[in-house]
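The values are calculated or read from the model by the stated rules, or taken from the named source; none is laboratory data. Computed from a predicted model, the values in this text were never measured in an experiment. Neighbour counts run over all protein chains shown; Cβ positions are idealised from the backbone, glycine included. The accessibility values were calculated without ligands, DNA or RNA, using every heavy atom of the protein model including side chains. Shrake-Rupley method; radii C 1.70, N 1.55, O 1.52, S 1.80 Å.
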Amino acid sequence: MNALNPLDLYDIRSELSDEEQMVQDTVGRFVDEKVLPNIGEWFENDYFPKELIPEIAELGLLGSSLEGYGCAGLNSVSYGLICQELERGDSGLRSFVSVQSSLCMFPIHAYGSEEQKEKWLPAMARGEKIGCFGLTEPHGGSDPSNMKTTAKKKGDDWVLNGAKMWITNGSIADVAIVWAKTENGVEGFLVEKGMKGFDAPEIKHKMSLKASITSSLYFDNVVVPEANRLPKAKGLKAPLSCLTQARYGITWGGIGAAQACLKEVLDYSADRKLFGRPLNQTQATQLRLAEMGRQITLAQLMSLRLGRIKDAGRLNPSQVSLAKWNNIRMAMDIARDARDLLGGAGITTEHSPIRHMLNLESVITYEGTETIHQLIIGRELTGEMAF
């Protein structure tokens, strides 16, 4: 019998199409060659590698699941595999692609006018224009209905006032997809860099997602033309649909982070000797490694099934919540245990688990906290709202 792949115990790869395998291999090589040799230093120095954006775009990773406008038109499983491989490198890199694709390009594609699509999507797919997504507010957090940002009609324009918080890509974005309350409910606006009264300062002193740009967005009587309003976006359902797209990719991303941690601790425990034998020959170590393998396998099966459901057009957003809750909790637990198995060496950026552990503290919080996703499943089970 052939030995099992420690990172793919149920041979998930055999369930992938040739195209899906090619996507995974291509992104995996990119991560191995361009990300892993440098990510520890980037993380330590709070540096987002903007120089990688052209190659990321050349690989077709921006808006990869969208049709037309220079996008690759890949299926959902392929997009998931992209997120898995990128997060095997670092959550910050996956966050960049996730925000650009699912939170910026998707709403323009789904809710924008033809003029907006033609103006933004091809340039965003080429990496020439960067986007950010403004929904979360300083007072909002998990309750977007508590939105304070407003947009008031003034002649043929809209005047935006308010603030957004914890915005990935904000300081480098050419356009912000901003959600604001109007007299007709929540609507979306394309706020362009350089508009008077719009500022996007970077948030400093982070201990997580240090190789990613996180910003605040401020709007002080920002005049936005009617042509920059997303005409088909009505109500909170529109931004929440964007979050469903991004959360789906996150379920795969957690698998990549967990695989990176398991791979590192497998190598380390084979080489590290204590009391006259390698760590991986002890029962205590093998039990912990086996648990990591079990949890990763469960997450892989969950995300693959989720992707097939999504590609079949039968996705329920609550199914994404279940997978995000399960897979990111899984990844956090594995990162922490891997850090512990590495001993004192595990606290340095020379080893990936502590970096993944810190990043995952953000990932389990953004795009719906773990508690929010638990309550979503509770609502599905009982039919009762407990938020």
(message) If you count only protein heavy atoms with a 1.4 Å probe, what accessible area per residue comes out for region 76-214, rounded to a whole Å²?
(response) 36 Å²
(message) Within 12 Å, Cβ to Cβ, of residue 318, how many net charges do the neighbouring residues add up to if Lys/Arg are +1 and Asp/Glu are -1?
(response) +2
(message) Counting only helical runs of four or more DSSP H residues, what would the 222 nm mean residue ellipticity of the chain come to if each run contributes -39,500 (n - 2.57) and the total is spread over all its residues?
(response) -15000 deg cm²/dmol
(request) Report the convex hull volume per residue for region 279-346, counting only C-alpha atoms, in Å³. (result) 78 Å³
(message) I'd like to know how region 52-133 sits against the 2.2 N^0.38 Å rule of thumb: what's its Cα Rg over that expected value?
(response) 0.99
(message) Largest first, please: the extent of the C-alpha atoms of region 1-126 along each principal axis, to the nearest Å.
(response) 57, 38, 19
(request) List, largest first, the extents of the alpha carbons of region 225-332 along their principal axes, each in whole Å. (result) 72, 31, 18
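Explain nothing, just the number: dipole magnitude of the chain about its Cα centre with +1 on each Lys and Arg Cβ and -1 on each Asp and Glu Cβ, in debye rounded to the nearest 20. Mind dumping the intermediate values first?
Numbers: 42 positive and 49 negative charges, 169 e Å.
With Lys and Arg at +1 and Asp and Glu at -1, about 820 debye.
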(message) Given the whole protein assembly as supplied and a 1.4 Å probe, what does the accessible area of residue 106 come to in Å², nearest 10?
(response) 40 Å²
(message) Of the candidates 53, 328, 250, which one comes out as most mobile in a Gaussian network treatment of the chain with C-alpha springs shorter than 10 Å?
(response) 53
(request) Calculate, for region 244-286, the solvent-accessible area per residue in square angstrom, rolling a 1.4 angstrom probe over the heavy atoms of the protein chains. (result) 44 Å²
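So if the hydrodynamic radius of the chain is defined as the Kirkwood radius over C-alpha pairs, what does Stokes-Einstein give as its diffusion coefficient at 25 °C and 0.890 mPa s, in µm² per second? Spell out each step's value before the answer.
On the way: Rh = 21.5 Å.
Value of D from the Cα-based Kirkwood radius: 114 µm²/s.
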(message) Taking only the Cα atoms of region 1-54, how large is their convex hull per residue, in Å³?
(response) 120 Å³
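Hey, could you grab the Kirkwood Rh for region 155-214? Inverse mean 1/r over distinct alpha carbon pairs, Å, one decimal.
Working: mean 1/r = 0.0763 Å⁻¹.
After inverting the mean inverse Cα-Cα distance, the result is 13.1 Å.
Which percent of the accessible heavy-atom area of region 312-367 goes to carbon and sulfur, probe 1.4 angstrom? Don't skip to the end; give the middle numbers.
Details: 1180 of 2170 Å².
After summing per-atom areas, the C and S share lands at 54 percent.
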